[in-house]
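Undergrad: Just dropping this structure here.
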Amino acid sequence: MRIAGAGITAVAALALTACSSSDTASSGSSGSAPAPAPSSSMSAPMPSAASGSTDGVTTNADVFGPACSQLPQGSAPGSLDSMGPQPVASAASTNPLLTKLVAAVKATNLVDTLNSQSAITVFAPADPAFAALGDAKFNELAGKPDQLAPILQYHVVGKRYDAKGLAAAGSVDTLNTAGGPVKVEGSGENMTINGAKILCGNIPTKNATVFVIDKVLTPGTNK
């Protein structure tokens, strides 16, 4: 299994992606026959962060968190609309909240690995989370891919979850199996991942659901 590469998949998570829309149901025809029920994929209201989905796939309407407003708007690079159709690493590379994560992923040559995964969840530390490590430590890790990869792997789950799915699971295993499971507590705006707060969650990308968090997770802590 190409776990080592996928570790960086956390980066991909960046690709924070896409906030947008639901179609309105078309009105029924006149007469006694009832109007056709709206298609769940086109006309029905988009599921909220509270309702979740059965496969972990989210839409722009599901995105939540205080930092989501910092993303570019419309179709600009790094916006939800721009990131949504892209695989996670490519999406993250345009996200203004994830420049440090993207640099870490590139340093470990994990871009292609993350982009090639079919369905994953990425816990993506925002730039301030990496800044807390200090530039010296970050540069040291970037120069040692064998040490950085396991850390990045601990931010990637080999299954796609939305916020509701994570809350129901309570804990999830990451690609870094030696690091132990990641603990999920709370729900919605109050959810934490190993104690890290969610800054912008349920971000959809082509192959991943991304949760931007406020700290770098440490394998083996589960706190």
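The values are calculated or read from the model by the stated rules, or taken from the named source; none is laboratory data. Because the structure is predicted, anything quoted here is derived from the model rather than measured. When we count neighbours, we look across all protein chains shown, and the Cβ atoms used for this are built from the backbone with ideal geometry, even at glycine. The area values use the complete protein model at the heavy-atom level, side chains included, leaving out ligands, DNA and RNA. Shrake-Rupley method; radii C 1.70, N 1.55, O 1.52, S 1.80 Å.
Undergrad: So how much slack lies between K106 and T221, counting 0.36 nm per residue of separation and subtracting their Cα-Cα distance, in nm?
TA: 38.8 nm
Undergrad: Once the principal axes of the Cα atoms of region 81-195 are found, what is the range along each, listed largest first in whole angstroms?
TA: Over region 81-195, Cα extents along the principal axes are 38, 30, 25 Å.
Undergrad: What does a probe at L133 reach in region 87-109, counting residues whose amide N is under 15 Å from the point 7 Å along Cα→Cβ?
TA: Backbone N within reach: 98-109.
Undergrad: Could you run the Karplus curve 6.51 cos²θ - 1.76 cosθ + 1.60 with θ = phi - 60° over region 111-117 and give me ³J(HN,Hα) per residue in whole Hz, x for Gly and Pro?
TA: Here the 3J(HN,Hα) series is 4, 5, 4, 5, 5, 8, 5 Hz.
Undergrad: May I pose another question? Got a number for carbon plus sulfur as a percent of region 123-223's accessible area, 1.4 Å probe?
TA: Whole-percent figure for carbon plus sulfur exposure: 52.
Undergrad: Tell me, what ³J(HN,Hα) does each residue in region 130-143 have, in order and in whole Hz, if you take phi through Karplus 6.51 cos²θ - 1.76 cosθ + 1.60 with θ = phi - 60° and put x for Gly and Pro?
TA: Residue by residue, region 130-143 yields 6, 4, 5, 6, x, 4, 4, 5, 5, 5, 5, 5, 4, x Hz.
Undergrad: Additional query: How large is ³J(HN,Hα) for each residue in region 58-64, as worked out from phi by the Karplus curve 6.51 cos²θ - 1.76 cosθ + 1.60 (θ = phi - 60°), to whole Hz, x for Gly and Pro?
TA: Values per residue, Gly and Pro as x: 10, 10, 4, 6, 8, 5, 8 Hz.
Undergrad: Taking only protein heavy atoms and a 1.4 Å probe, what accessible area per residue, in Å², does region 153-222 have with all protein chains in place?
TA: Details: 2580 Å² over 70 residues.
Accessible area per residue: 37 Å².
Undergrad: Using amide H atoms built in the peptide plane, which far-off residues or other-chain residues are under 5 Å from S171 H to H?
TA: Amide H neighbours of S171: V184.
Undergrad: Three principal axis extents, largest first, for the C-alpha atoms of region 77-118, in Å?
TA: Computed over the Cα atoms, the extents are 27, 24, 10 Å.
Undergrad: Among the listed pairs K106/K144; K100/K144; K106/K183; K106/K164; K144/K215, which have their C-alpha atoms separated by more than 22 angstrom in this model?
TA: Violating the 22 Å Cα-Cα cut-off are K106/K183; K106/K164.
Undergrad: Do any trypsin sites (Lys or Arg not before Pro) in region 107-179 lie in a DSSP loop with no more than 16 other beta carbon atoms within 10 Å, and if so, which?
TA: Passing both the DSSP loop test and the Cβ count: K159.
Undergrad: Which Cα, out of L217, G186, L199, lies furthest along the positive dipole direction of region 178-223 (beta carbon charges, K/R +1, D/E -1)?
TA: L217
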